[in-house]
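*Asks:* Have a look at this one before I ask anything.
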Amino acid sequence: MSDFIQLHFLTSYPPSNLNRDDLGRPKTAVFGGTQRLRVSSQSLKRAWRTSQKFTDIVEVPNGKRSRSIEKHLFNAMKEKKVSDEIARDVATKIAAEFRKAERRADDLDDKIRGYCMKAMKKEKIDKKKAKAIADEIVTKFLESDETPAAAGAQDRDLGKLCIEVMERLGIANEAATKLATAIVEDQRKSESRAADEDEEPDDGPEKTQLIHFGIGEIHRMNQLVERVAAGEMPSSEDYSKIREKPIDTVDIALFGRMLAGRSEEAVEAATQVAHAISVHKVTVEDDYFTAVDDLNADTGDTGAGHVDATEFAAAVFYHYVCINRSQLTENLGKNQPLANKAIKALITACCTIAPTGKQNSFGSHARASYLLAEMGQQQPRSLSVAFLRAVEGPDILEAAIDSLERTRAAMDAAYGQCAAEAVFFSTMGSGKAQQAPEESRGEPDAQKKMPERKNCLLEVLKHLGLEPASNA
């Protein structure tokens with residue numbers, strides 16, 4: 001049974017543009033029939049995990065995400081006076097440990113299917129039958145653990161597989177052999193053209209997706225670079241040892257990583273982060289601004305040196321984060337102390353770290369004004385429904401807190417206890433929000449606050465067992 005920590009927090013941002021769309025406008029969403037300001041979960045997670053506060057608490061480095069690891073390794077070896085040929089070979093082999101299965105799934109799938117369909121179209125094979133044959137060839141080809149390193153071996157394997165599949169699906173041996181030869185020839189020509197274009201490692205977006213490398217994997221890659229610089233060539237076993245499940249990397253343990261075709265090194269995210277939305281309706285506004293050319297002051301030129309406009313909005317945001325504490329501990333190799341540090345770092349970052357978008361223009365740093373932390377093994381649920389009807393009134397924050405607490409109590413009344421216990425704080429007080437008594441079920445106001453405490457966030461962390469309890 002999983003042990004969940006759910007965070008519901010409200011943060012008020014002044015005029016800002018925290019997270020922009022492709023046109024540079026603040027992101028929005030329609031919720032409850034009205035336009036709301038939105039901050040994407042990707043923007044939030046990056047701001048939290050890359051913050052100095054997060055790193056200081058976990059006391060271990062984060063992993064690194066890149067789609068240019070091959071080029072980075074190549075350049076690192078070049079700086080150490082390794083020849084181009086050796087640097088390219090080693091960098092390619094290291095990157096291949098993470099990418100060969102991924103490239104098979106993303107590239108070979110479509111390419112081989114294209115080769116097959118092209119060859120069979122020339123021979124005027126029925127389109128429906130040709131598609132069935134192509135799909136079967138692709139499926140069987142990608143079922144092998146990894147593509148053979150030698151191009152000749154790969155050609156023979158593909159050609160043999162094409163003949164076997166075609167004969168099984170009713171193509172005569174002679175015709176199947178002719179088709180297989182054409183398919184392999186198309187593949188060889190395609191790879192030859194790709195090799196001519198790749199004079200040095202270049203992993204642009206057309207070749208691969210971002211890969212999140214663990215700190216242990218980064219360390220082993222750096223060790224290989226040093227060995228190559230010292231004149232020692234790595235063995236195939238050395239390359240295979242680079243890649244492993246990153247049980248030492250907190251941000252991967254929290255937010256997961258995917259390696260297509262490498263399920264044994266993939267990591268299931270222990271944390272789910274919702275897009276933050278404003279609790280009230282918003283109108284995005286325009287800020288027309290000018291910049292003065294200081295050197296024109298003495299010339300009588302009173303015109304602006306630069307004229308532009310940017311868009312912004314202000315809002316109180318509802319955030320929801322769900323941490324699967326059991327999954328997080330599993331991801332970190334059952335290292336409970338490190339898992340506790342990770343949770344503490346994440347909660348602290350959630351409450352204190354703002355996305356970095358347009359901060360130099362708006363200075364919109366903010367801290368959470370309200371945090372509700374729920375613990376238990378019950379099925380998680382967001383409380384965003386509290387804001388389906390946009391909050392209105394002179395005090396948006398107070399009205400939002402009231403709506404959130406009423407919705408939580410109403411859900412408990414309707415479904416039974418939705419969390420074993422909860423602790424919350426706001427800028428107006430803090431306390432422990434226990435389940436409403438049985439006789440008061442259905443009465444949203446039954447939620448009772450504890451007396452105010454001084455260090456609100458610290459009290460939440462203590463309650464979760466992430467900070468030592470006071471001696472008092």
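The values are calculated or read from the model by the stated rules, or taken from the named source; none is laboratory data. Since we're looking at a predicted model, the values are computed, not measured. Heads up, the Cβs are rebuilt from the backbone with ideal geometry, glycines too, and the neighbour counts pull from every protein chain shown.
*Asks:* Return the pair list, or none, for Cβ contacts closer than 7 Å from residues in the stretch 460-472 that are outside the structural domain of Phe425 (by TED's automatic domain parsing) and exposed (fewer than 10 other Cβ atoms within 10 Å of the Cβ) to residues that are among the charged types (D, E, K, R) and modelled with pLDDT of 70 or more, at least 6 apart or on different chains.
*Replies:* These pairs meet every condition: Ala469/Lys462.
*Asks:* For the stretch 263-284, enumerate the residues that are assigned to a strand (DSSP E or B), under 25 Å from Ala386 (Cβ atoms) and among the hydrophobic types (A, V, I, L, M, F, W, C). If you could, list the steps in order and put the result at the bottom.
*Replies:* Step one: of the stretch 263-284, the residues assigned to a strand (DSSP E or B) are 267, 271-273, 276-278.
Adding the requirement that they be under 25 Å from Ala386 (Cβ atoms) leaves 271-273, 276-278.
Within the stretch 263-284, Val273, Ala276, Ile277 meet the criteria.
*Asks:* Which residue pairs have Cβ atoms under 8 Å apart, sit 6 or more places apart or on different chains, and have a first residue in the stretch 81-101 that is farther than 14 Å from Arg227 by Cα and a second that is among the hydrophobic types (A, V, I, L, M, F, W, C) and modelled with pLDDT of 90 or more?
*Replies:* Here the result reads Arg88/Phe74; Ala95/Ile69; Ala95/Leu73; Glu97/Ile242; Phe98/Ile69; Phe98/Phe213, each pair linking the stretch 81-101 to a residue that is among the hydrophobic types (A, V, I, L, M, F, W, C) and modelled with pLDDT of 90 or more.
*Asks:* Which one of Asn62, Asn19, Asn75 is of a type in the set (S, T, N, Q) and touching a Gly at 6+ places or on another chain (Cβ under 6 Å)? Step through it out loud before you land on a result.
*Replies:* On the way: Asn62 fails: touching a Gly at 6+ places or on another chain (Cβ under 6 Å); Asn75 fails: touching a Gly at 6+ places or on another chain (Cβ under 6 Å).
The conditions single out Asn19.
*Asks:* Name the pairs: first residue in the stretch 391-404 and over 17 Å from His319 (Cβ atoms), second residue assigned to a helix (DSSP H, G or I), Cβ to Cβ under 7 Å, at least 6 apart or on different chains?
*Replies:* These pairs meet every condition: Gly393/Ala399.
*Asks:* Let me ask something additional. Going by what's in this entry, would Lys189 be described as modelled with pLDDT under 90, in a helix (DSSP H, G or I), over 39 Å from the mean Cα position of the chain (by Cα) and under 23 Å from Asp110 (Cβ atoms)? It would help to see each step written out before you state the result.
*Replies:* Numbers: modelled with pLDDT under 90: yes; in a helix (DSSP H, G or I): yes; over 39 Å from the mean Cα position of the chain (by Cα): no; under 23 Å from Asp110 (Cβ atoms): yes.
No; evaluated as a whole, the condition is false for this residue.
*Asks:* Starting from residues that are closer than 30 Å to Arg257 by Cα and in a helix (DSSP H, G or I), keep the ones in the stretch 285-327 and report whichever is nearest to the chain's Cα centre (by Cα). Walk me through how you get there before you give the answer.
*Replies:* Initial filter on the stretch 285-327 (closer than 30 Å to Arg257 by Cα): 317-327.
Next, from what is left, pick out any that are in a helix (DSSP H, G or I): 325-327.
Working: Arg325: 18, Ser326: 20, Gln327: 17 Å.
Within the stretch 285-327, the match that is nearest to the chain's Cα centre (by Cα) is Gln327.
*Asks:* Quick one: which residue in Asp402, Asp294, Asp301 is crowded, with 16+ Cβ neighbours inside 10 Å, among the acidic types (Asp, Glu) and farther than 25 Å from Asn17 by Cβ?
*Replies:* Values: Asp294 fails: crowded, with 16+ Cβ neighbours inside 10 Å; Asp301 fails: crowded, with 16+ Cβ neighbours inside 10 Å.
Going through Asp402, Asp294, Asp301 in turn, just one is crowded, with 16+ Cβ neighbours inside 10 Å, among the acidic types (Asp, Glu) and farther than 25 Å from Asn17 by Cβ: Asp402.
*Asks:* Among the numbered conditions (1) modelled with pLDDT of 90 or more; (2) in contact with a strand residue (DSSP E or B) (Cβ under 9 Å, 6 or more places away or on another chain), tell me where Glu232 comes up short.
*Replies:* Every condition holds for Glu232 apart from (2).
*Asks:* Does Val58 count as over 30 Å from Asn335 (Cα atoms), buried (at least 18 other Cβ atoms within 10 Å of the Cβ) and β-branched (Val, Ile, Thr)? Lay out the reasoning, then the answer.
*Replies:* Working: over 30 Å from Asn335 (Cα atoms): no; buried (at least 18 other Cβ atoms within 10 Å of the Cβ): yes; β-branched (Val, Ile, Thr): yes.
So Val58 does not fit the description; no.
*Asks:* A follow-up question, please. Would it be correct to say that Asp155 is under 30 Å from Leu73 (Cα atoms), among the acidic types (Asp, Glu), modelled with pLDDT under 80 and under 36 Å from the mean Cα position of the chain (by Cα)? Steps first, answer last, please.
*Replies:* Details: under 30 Å from Leu73 (Cα atoms): yes; among the acidic types (Asp, Glu): yes; modelled with pLDDT under 80: yes; under 36 Å from the mean Cα position of the chain (by Cα): no.
Here the answer is no, as Asp155 does not meet what is asked.
*Asks:* Since Ser51 meets every condition but one in (1) within 24 Å of the chain's Cα centre (by Cα); (2) buried (at least 21 other Cβ atoms within 10 Å of the Cβ); (3) at pLDDT 95 or above, which condition does it not meet?
*Replies:* Just one mismatch for Ser51, condition (2).
*Asks:* Being outside any loop (DSSP other than H, G, I, E, B) and out of contact with any His (no Cβ under 7 Å at 6 or more places or on another chain) is the filter here; which residues of the stretch 240-261 pass it?
*Replies:* Looking only at the stretch 240-261, we keep the residues that are outside any loop (DSSP other than H, G, I, E, B), and these are 240, 250-255, 257.
Across the stretch 240-261, the qualifying residues are Ser240, Val250, Asp251, Ala253, Leu254, Phe255.
*Asks:* Of all the residues that make up the stretch 212-239, how many are closer than 15 Å to Asp89 by Cα and outside any helix (DSSP H, G or I)?
*Replies:* Total satisfying the criteria: 5.
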